[in-house]
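Enquirer: Next up is a structure, given as C-alpha cells.
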Amino acid sequence: MVESEALWREALYGPSGFFTRGEVPADHFRTAPLVGPELAEALLVLLDRVDFALGRPDRLDFVDVGAGGGELSATVRSLASGSLAARLVVTAVDLGPARSLPGVRWTSALPSSVCGLLVGHEWLDAVPCPLVTGPASHPWLDRWWPVRPGDRAEVGAPRDAAWADAVS
C-alpha cells in the first residue's frame, strides 16, 4: 500500500516529477478550466455570495490550489467586474514554476490566511494516496469506498488530511 503511494508522489512531485519539472497540464489533458469560462463564471457567482457573507471586505481572496497552468485563476481574474474586481486578490498555488498571468500572484505554499474562497479544483486528485486491491479494509475505505474482491481503490485519507490542512 505504501509503495504505490511513494511511487505516485515521486512521479508527480519528485525532482523530475511531472509538476515539479514545470509541465503545463494543458499540454497533456483537458479539464473544465480549459474548455470554456463556465467554471470560472460559476465560481464568481459563489465568490460574490462569499463576499456578501463576509460583509464585502476591503480585500477578497480567490486562492486556486494546484493551479497548474493558471487558466482558472486567470479566467476568474479577467471575468471579475465592478467592486469585486477592485478588491479581488487572485493567488495561484502550485509547486511548478510561476507563470506570468496578469493580476495573478504565484506561490508554492498555501497562504497563512484566506478571506474569501479557496478552491482545489485540480489539486485533490493529484494528492498521492495508497492504492489497494480488494479484499481490503481501512477505516476510510469502510466509510467512503467499500472494496469488493478484485476491485482497486484509492484510500483517500491523505486527500482528506491535505484539505483539512488547507482550510485550517
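The values are calculated or read from the model by the stated rules, or taken from the named source; none is laboratory data. The structure presented is a predicted model; accordingly, all values stated were derived computationally and were not measured. All Cβ positions, glycine included, derive from the backbone under ideal geometry; neighbour counts span all protein chains shown. Accessible surface is based on the protein model in full, side chains and every heavy atom, while ligands, DNA and RNA are left aside. Shrake-Rupley method; radii C 1.70, N 1.55, O 1.52, S 1.80 Å.
Enquirer: Which of the numbered conditions does E10 fail, given that it passes all the others? Conditions: (1) open to solvent by 60 Å² or more (accessible area, probe 1.4 Å); (2) among the charged types (D, E, K, R); (3) part of a loop (DSSP other than H, G, I, E, B); (4) under 25 Å from P158 (Cα atoms).
Expert: Exception for E10: condition (3).
Enquirer: Hey, among the residues in the range 37-68 that are in a helix (DSSP H, G or I) and of a type in the set (G, A, S), which one's most open to solvent (accessible area, probe 1.4 Å)?
Expert: Result: A53.
Enquirer: In the range 69-104, what residues are closer than 20 Å to P37 by Cα and basic (K, R)?
Expert: R77, R99
Enquirer: Looking at the range 79-88, is at least one residue touching a residue at least 12 places away in the same chain (Cβ under 8 Å) and assigned to a loop (DSSP other than H, G, I, E, B)?
Expert: Yes; the residues of the range 79-88 include at least one that is touching a residue at least 12 places away in the same chain (Cβ under 8 Å) and assigned to a loop (DSSP other than H, G, I, E, B).
Enquirer: May I ask you to list the residues in the range 89-112 that are of a type in the set (S, T, N, Q) and either buried (at least 18 other Cβ atoms within 10 Å of the Cβ) or not in a loop (DSSP other than H, G, I, E, B) (or both)?
Expert: The answer is T91, T107.
Enquirer: Within the range 40-73, track down each residue that is of a type in the set (D, E, K, R) and free of Cβ contacts under 8 Å to residues at least 12 places away in the same chain.
Expert: The answer is R49, and nothing else.
Enquirer: Could I ask something else about it? Name the one entry in R159, R152, R148 that is within 30 Å of P15 (Cα to Cα), open to solvent by 50 Å² or more (accessible area, probe 1.4 Å) and in contact (Cβ under 8 Å) with a residue 12 or more places away in the chain.
Expert: The match here is R152.
Enquirer: Turning to a different aspect of this structure: So which of A80, A86 ends up being out of contact with any Cys (no Cβ under 6 Å at 6 or more places or on another chain), farther than 18 Å from F19 by Cβ and surrounded by fewer than 12 Cβ atoms within 10 Å (Cβ to Cβ)?
Expert: A86
Enquirer: Right, something else. Quick one: in the range 110-168, of everything that is of a type in the set (D, E, K, R) and touching a strand residue (DSSP E or B) at 6+ places or on another chain (Cβ under 9 Å), which residue is modelled with the lowest pLDDT?
Expert: Result: E122.
Enquirer: While we're on this one: Quickly run through the range 24-36 and pick out the residues that are open to solvent by 50 Å² or more (accessible area, probe 1.4 Å) and either touching a residue at least 60 places away in the same chain (Cβ under 8 Å) or over 17 Å from the mean Cα position of the chain (by Cα) (or both).
Expert: Hits for the range 24-36 are D27, H28, V35.
Enquirer: Let me ask you something else. Anything in the range 117-168 that is in contact with a Pro (Cβ under 9 Å, 6 or more places away or on another chain), among the β-branched types (V, I, T) and within 30 Å of E41 (Cα to Cα)? List them, or say none.
Expert: V127
Enquirer: Conditions: (1) modelled with pLDDT under 80; (2) open to solvent by 100 Å² or more (accessible area, probe 1.4 Å); (3) within 15 Å of A126 (Cα to Cα). V2 meets all but one. Number of the miss?
Expert: Here V2 meets the rest and fails (3).
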